[in-house]
Number of protein chains: 2
Amino acid sequence: MHKRPQVVVVGAGFGGLWTVRALAGSPVDVLLVDRNNYHTFSPMLYQVAAAQVGPEQITYPVRSILRKIRNADFLMAEVKHVDFTNRVVETDGSEIPYNFLVLSTGSITQFLNIPGSAEYAFPLDNLEQALALRNQIFNCFEQAAYETDPKRRQQLLTFVIVGGGPTGVEMAGALLELIRALRQDYPTIDTRLARVLLLHSGNNLLPGMVPPHLQRYTLKRLQKMGVEVHLEAKAGAIAPDAVYLQDGKIIPTATAIWAVGVQADPIVEQWGLPTTAKSKVTVRTTLQLSEYPEVYVIGDLAAVQKDGTPIPMVAPAAIQQGTVAGRNIQRQLVGKNPVTFNYWNKGTIAMIGRNAAAAQVGKLTFTGFLAWISWLGVHLFYLPGFRNRLIVFFDWVRDYFFHVRSVRLILRTPP
Amino acid sequence: MHKRPQVVVVGAGFGGLWTVRALAGSPVDVLLVDRNNYHTFSPMLYQVAAAQVGPEQITYPVRSILRKIRNADFLMAEVKHVDFTNRVVETDGSEIPYNFLVLSTGSITQFLNIPGSAEYAFPLDNLEQALALRNQIFNCFEQAAYETDPKRRQQLLTFVIVGGGPTGVEMAGALLELIRALRQDYPTIDTRLARVLLLHSGNNLLPGMVPPHLQRYTLKRLQKMGVEVHLEAKAGAIAPDAVYLQDGKIIPTATAIWAVGVQADPIVEQWGLPTTAKSKVTVRTTLQLSEYPEVYVIGDLAAVQKDGTPIPMVAPAAIQQGTVAGRNIQRQLVGKNPVTFNYWNKGTIAMIGRNAAAAQVGKLTFTGFLAWISWLGVHLFYLPGFRNRLIVFFDWVRDYFFHVRSVRLILRTPP
């Protein structure tokens, strides 16, 4: 019996899923491996933290996605090591041989060796972290409701976001609007006392993402909403009760949110792969490893440049790379040369808040309601699952008209 | 300044919430205390475990419920002790003095000293337990999909429910239907191999709940669905890989579900309260403590009889007692005598599965589609929150017509 070539795809993020889709119907068996049994729609993690949507609305079972793809199967496992010489993926369960391998393990939080950041700050790069932050925000309000010491109450009601990239900007706006929506829930708290600070090390928010006039627009909108934006403010250390700035200032707070950025998961360095800045793996322009042409590295994990600068660590880039990796494997199967990956920047949108977003598509830029409704539309379109879209749409509409945040639970740990 | 009497209500279950509602607008300040910031609609916990509805659909923020009740506030805290002499509730945070106290802390799982039950069996009495069971069911399927040892695979696909009361019956039916719905998701598993066993120590399912012919109907429907019901089967011990029966039989399984029943939380015994069977607190017929007429004990925590038998530990009983406790406090405020609580059995319904339930209202009994649709209607009516009702209704309809279980995530622990 002739066995079909086995393609193992590690990581069910955007890159991994689109690789599998590109290989649907090809004469290969595809095995998608992930430690979770669901895909996380990461661009909306901050909305989970801000109780705008539920955690189950931005996740989708991998097996539901694979149902229609006959030649693909799923394995829930944690990849521990890859033996590139013998072409075997070693997981916490079984060992999986491969003919082709696509590594799409994504990124982890970048703490930059700032003391206390890994221990006390709340990152926002996966679902558990988003839920932990949501729990923290509501715990702070519950405590503040009965706190008699004004200093401690102010500390509980002060939220400091470190990092003025898209996650920091989006979280700042969403958190400020959440606090407004909580006014009715906490009659004993003067919610005007609550503060949202956004600390950014550079001079411009959303650096490298949108042109300068959109950066200024973003700054002004956030300030108008009530976010206290501090530019050129560098965090020096994080403690459970304060953020220490490098210039000596101390901001008392129970909640430091870490939106400084991500880096590739450095585990690949232990597997002997050549890495560059942010632990990204050096790849050929075809996304293959130089030494192992049967191995592709894509998404946040791959060091890919366009016109001399690294391409952004965003979902559209991972989707495009996944598609190209799948097609290149198809080409290799029939003896053709893999093609060069060419990043196509479809544009960027950053959500700021109600009726406010900053968008760039090609040379066109737009802001305000038009950019805001575009953000909602694009994310609703890409969000997997009809049920998820329906509930998210309902929640957004209700939040918009009635200022109601639906999912305000402090969830405890399942035993 | 004249201070209004303070009523402290401990527990935001059905009893506590209906006490607060009964006291709305009364010349008292009500403080509702619960360790969680949400109310759990416990009759639908088994549907969370069976991935029929999401955890956030059967929970509702307490503060949302209290919004319209001006004289009520909420404190999220764990009650550690009550000093009845000095009228103070001691929590993990502050100490709260009271003029009236309503204890409505509900029930916990009853393990009956069966070895291994507390360690290895999955109870189903709160939200974390329901999520833990859902995780376990899906973990078993993910492992079974790649298990090559047929014995171990069978063990992973065998689910044993201990206890043939309403929770056991409802979980058995829901689990069997979940397994059917998973056929498409796990093409490598022959789901006909999966077994659901329901062990019941007595001769009749749903004992004391419905009349004998409904018990027989329930048994037949479960068997027709494919549930293996074992009557007069007493669990002797639970291990991580098997259920040991008292008659010596061993059932290899990775998942023992503990539906044996509940008892009142025995912490009240440490507070010096007189207790009776199942740790329930002895109360006057007015629901007051004999020694402390300003203290009411209601719901699963109270030992209340009707016609010589204990009233059931169900939501309608707690709701009725909460209402009476509230009214009795109002009577005490104006110098009137508290009235006797009189349980009114509105009827019982147990869900079995698709188009199948067993219901009794007064002397009327009915089964099948009519009982099934009544169960859905009654639960949808009492489920708090318009959004929850909408999503649950959508999920039920979709499940009914398309056999789709919406929420199949294995959620990890928030850090």
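The values are calculated or read from the model by the stated rules, or taken from the named source; none is laboratory data. The shown structure was predicted, so the numbers you read here are calculated from the model rather than taken from an experiment. Neighbour counts are summed over all protein chains in view; Cβ atoms, including those assigned to glycine, are modelled from backbone coordinates with ideal geometry.
From the set of residues in segment B:16-58 that are among the aromatic types (Phe, Trp, Tyr) and outside any loop (DSSP other than H, G, I, E, B), which is farthest from B:Leu103 (Cα to Cα)? The selected residue is B:Tyr46. Within this structure, A:Gln155 fails the test of being at pLDDT 95 or above and within 14 Å of another protein chain (Cβ to nearest Cβ). Among the residues making up segment B:178-195, those that are modelled with pLDDT under 95 and surrounded by fewer than 20 Cβ atoms within 10 Å (Cβ to Cβ) are B:Arg180, B:Ala181, B:Arg183, B:Gln184, B:Tyr186, B:Pro187, B:Thr188, B:Asp190, B:Thr191, B:Arg192, B:Leu193. The single condition among (1) of a type outside the set (Val, Ile, Thr); (2) closer than 22 Å to A:Ala174 by Cβ; (3) at pLDDT 95 or above that A:Pro207 does not satisfy is (3). The listed residues are A:Arg412, A:Arg331, and the only one of them that is at pLDDT below 90 and over 21 Å from the mean Cα position of the chain (by Cα) turns out to be A:Arg412. Take the conditions (1) farther than 29 Å from A:Ser279 by Cα; (2) away from every other protein chain (no Cβ under 14 Å); A:Asn342 misses just one of them, which is (1). Just to be sure, is A:Ile251 part of a strand (DSSP E or B) and touching a helix residue (DSSP H, G or I) at 6+ places or on another chain (Cβ under 7 Å)? Here the answer is no, as A:Ile251 does not meet what is asked.
When only residues in segment A:117-147 that are part of a loop (DSSP other than H, G, I, E, B), within 11 Å of chain B (Cβ to nearest Cβ) and not hydroxyl-bearing (Ser, Thr, Tyr) count, which is farthest from A:Gln57 (Cα to Cα)? Let's see the steps before the verdict.
Kept after step one, since they are part of a loop (DSSP other than H, G, I, E, B), are these residues of segment A:117-147: A:121, A:124-126, A:145-147.
Keeping just the survivors that are within 11 Å of chain B (Cβ to nearest Cβ) gives A:126, A:145-147.
Remaining after also requiring not hydroxyl-bearing (Ser, Thr, Tyr): A:126, A:145, A:147.
Working: A:Asn126: 14, A:Ala145: 30, A:Glu147: 34 Å.
Checking each candidate, the answer is A:Glu147.
Checking each residue in segment B:187-214 for being in contact with a strand residue (DSSP E or B) (Cβ under 9 Å, 6 or more places away or on another chain) and part of a loop (DSSP other than H, G, I, E, B) picks out B:Pro187, B:Thr188, B:Ala194, B:His200, B:Ser201, B:Leu205, B:Leu206, B:Gly208, B:Met209, B:Val210, B:Pro211. For segment B:362-415, a residue qualifies if it is in contact (Cβ under 8 Å) with a residue 12 or more places away in the chain and among the β-branched types (Val, Ile, Thr), and the qualifying residues are B:Thr365, B:Thr367, B:Val378, B:Ile391, B:Val392, B:Val404, B:Val407, B:Ile410. The residues of segment B:113-149 that are free of Cβ contacts under 8 Å to residues at least 40 places away in the same chain and at positive phi amount to a single one, B:Asn113.
Annotation: of all residues in segment A:385-409 being out of contact with any Lys or Arg (no Cβ under 6 Å at 6 or more places or on another chain), part of a loop (DSSP other than H, G, I, E, B) and crowded, with 17+ Cβ neighbours inside 10 Å, the one that is modelled with the lowest pLDDT is A:Val407. For segment A:369-415, taking the residues that are among the β-branched types (Val, Ile, Thr) and within 21 Å of A:Arg180 (Cβ to Cβ), the one that is farthest from the other protein chains (Cβ to nearest Cβ) is identified as A:Ile373. Going through (1) touching an Asp or Glu at 6+ places or on another chain (Cβ under 6 Å); (2) among the basic types (Lys, Arg); (3) within 13 Å of chain B (Cβ to nearest Cβ) one by one, A:Arg67 falls short only on (1). Count of segment A:334-358 residues, restricted to those that are under 17 Å from A:Ala318 (Cα atoms), of a type in the set (Val, Ile, Thr) and under 21 Å from the mean Cα position of the chain (by Cα), is 2. Remark: A:Lys80 falls outside the filter, which requires a residue to be surrounded by fewer than 24 Cβ atoms within 10 Å (Cβ to Cβ), among the basic types (Lys, Arg) and within 14 Å of another protein chain (Cβ to nearest Cβ).
Please find, among B:Tyr244, B:Tyr217, the residue that is more than 21 Å from the chain's Cα centre (by Cα), assigned to a helix (DSSP H, G or I) and among the aromatic types (Phe, Trp, Tyr). Can you show your working first?
Numbers: B:Tyr244 fails: assigned to a helix (DSSP H, G or I).
When all the criteria are applied, what remains is B:Tyr217.
Scanning segment B:1-51 for residues that are in contact with a Leu (Cβ under 7 Å, 6 or more places away or on another chain), within 13 Å of chain A (Cβ to nearest Cβ) and polar (S, T, N, Q) gives B:Asn37, B:Thr40.
Tell me which residues, restricted to segment A:196-214, are surrounded by 20 or more Cβ atoms within 10 Å (Cβ to Cβ) and either farther than 23 Å from A:Tyr244 by Cβ or not aliphatic (A, V, I, L, M) (or both).
A:His200, A:Leu206, A:Met209, A:Val210, A:Leu214
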